[in-house]
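Chemist: Following this message is one structure expressed as structure tokens.
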């Protein structure tokens, strides 16, 4: 039988309460809860549902991968990584202090995964996040000039609490892209946080910018209030590939012997 409160809760769009109403009502009877205590439990359920919905919505808007979390990161594959430092970063206090994070290291060691996991931690704390490939974001800014959406996109890029630019340095930047990246870094400086992942050493940045002065000025601002994390180790992808090949080769003799 439908509880008499259900239609009213649905009318008020409180589906979190609807979902747990029967369970909470039974708890209230079993534990002799007061009406206020019963209502508090229902309100907690509703707030939890709304928080989860908001997280799902912001996750979709951010561009983050919901699979790349710290729970799924293989710390054993990066034994030199300081887990205490990572745990400190995961509190997101560096974001509230408007500090930057530069994640450096060779291809495939987990830089993007760590950056994505940090972005998800920020989303959980109700912070606004944007995660983009450096090249894609700069391309979007270029395209936005042509279709009249540049001002709106630029405002969003500047205003998010955390902007993650992934894979900086994979390609040399065109002059306009280099200028856009410098302006972005300059305008967010001491106001909002940046996380940048790159397999380029700092001394190689000038070649990517194609402009020594812009590269120097960008690095000066980026590193002023910044943490630098260098991840060393073997590429996850190559390690997994060799492991798979090893499993296949080790299985072959057994298959041959069974045929005999």
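Chemist: Looking at this structure, is residue 107 more than 15 Å from residue 163 (Cα to Cα) and at pLDDT 95 or above? Break it down stepwise before answering.
Modeler: Values: more than 15 Å from residue 163 (Cα to Cα): yes; at pLDDT 95 or above: no.
No; evaluated as a whole, the condition is false for this residue.
Chemist: Please find, among 47, 39, 12, the residue that is surrounded by 13 or more Cβ atoms within 10 Å (Cβ to Cβ), more than 19 Å from the chain's Cα centre (by Cα) and without any contact (Cβ under 8 Å) to a residue 60 or more places away in the chain. Before the answer, list the steps.
Modeler: Values: 47 fails: surrounded by 13 or more Cβ atoms within 10 Å (Cβ to Cβ); 12 fails: surrounded by 13 or more Cβ atoms within 10 Å (Cβ to Cβ).
Testing whether each residue is surrounded by 13 or more Cβ atoms within 10 Å (Cβ to Cβ), more than 19 Å from the chain's Cα centre (by Cα) and without any contact (Cβ under 8 Å) to a residue 60 or more places away in the chain leaves just 39.
Chemist: Restrict the check to region 25-40 and report whether at least one residue is closer than 30 Å to residue 66 by Cα, part of a helix (DSSP H, G or I) and in contact with a helix residue (DSSP H, G or I) (Cβ under 6 Å, 6 or more places away or on another chain).
Modeler: Here is the first cut: in region 25-40, the ones closer than 30 Å to residue 66 by Cα are none.
No, the conditions are met nowhere in region 25-40.
Chemist: So, one more: Can you say whether residue 171 is more than 20 Å from residue 92 (Cβ to Cβ), out of contact with any strand residue (DSSP E or B) (no Cβ under 7 Å at 6 or more places or on another chain) and in a loop (DSSP other than H, G, I, E, B), as far as the supplied structure shows? Before the answer, list the steps.
Modeler: On the way: more than 20 Å from residue 92 (Cβ to Cβ): yes; out of contact with any strand residue (DSSP E or B) (no Cβ under 7 Å at 6 or more places or on another chain): yes; in a loop (DSSP other than H, G, I, E, B): yes.
Here the answer is yes, as residue 171 does meet what is asked.
Chemist: Follow-up. Which of (1) at pLDDT below 90; (2) part of a helix (DSSP H, G or I); (3) touching a helix residue (DSSP H, G or I) at 6+ places or on another chain (Cβ under 7 Å); (4) not assigned by TED's automatic domain parsing to the domain that holds residue 16 is the odd one out, the single condition residue 76 does not satisfy?
Modeler: Exception for residue 76: condition (3).
Chemist: Same structure again: How many residues does region 101-158 hold that are surrounded by fewer than 18 Cβ atoms within 10 Å (Cβ to Cβ), touching a residue at least 60 places away in the same chain (Cβ under 8 Å) and within 14 Å of residue 64 (Cβ to Cβ)?
Modeler: Result for region 101-158: 2.
Chemist: Quick one: count up the residues across region 186-207 that are in contact (Cβ under 8 Å) with a residue 12 or more places away in the chain and either outside any loop (DSSP other than H, G, I, E, B) or closer than 18 Å to residue 117 by Cα (or both).
Modeler: If we filter region 186-207 for residues that are in contact (Cβ under 8 Å) with a residue 12 or more places away in the chain, which is where we start, we get 186-202, 204-205, 207.
From the residues that got through so far, the ones that are either outside any loop (DSSP other than H, G, I, E, B) or closer than 18 Å to residue 117 by Cα (or both) too are 186-188, 193-198, 202, 204-205, 207.
The total comes to 13.
The values are calculated or read from the model by the stated rules, or taken from the named source; none is laboratory data. All values reported here derive from a predicted model rather than from experimental measurement. Every residue, glycine among them, receives a Cβ derived from its backbone with ideal geometry; neighbour counts consider all protein chains shown.
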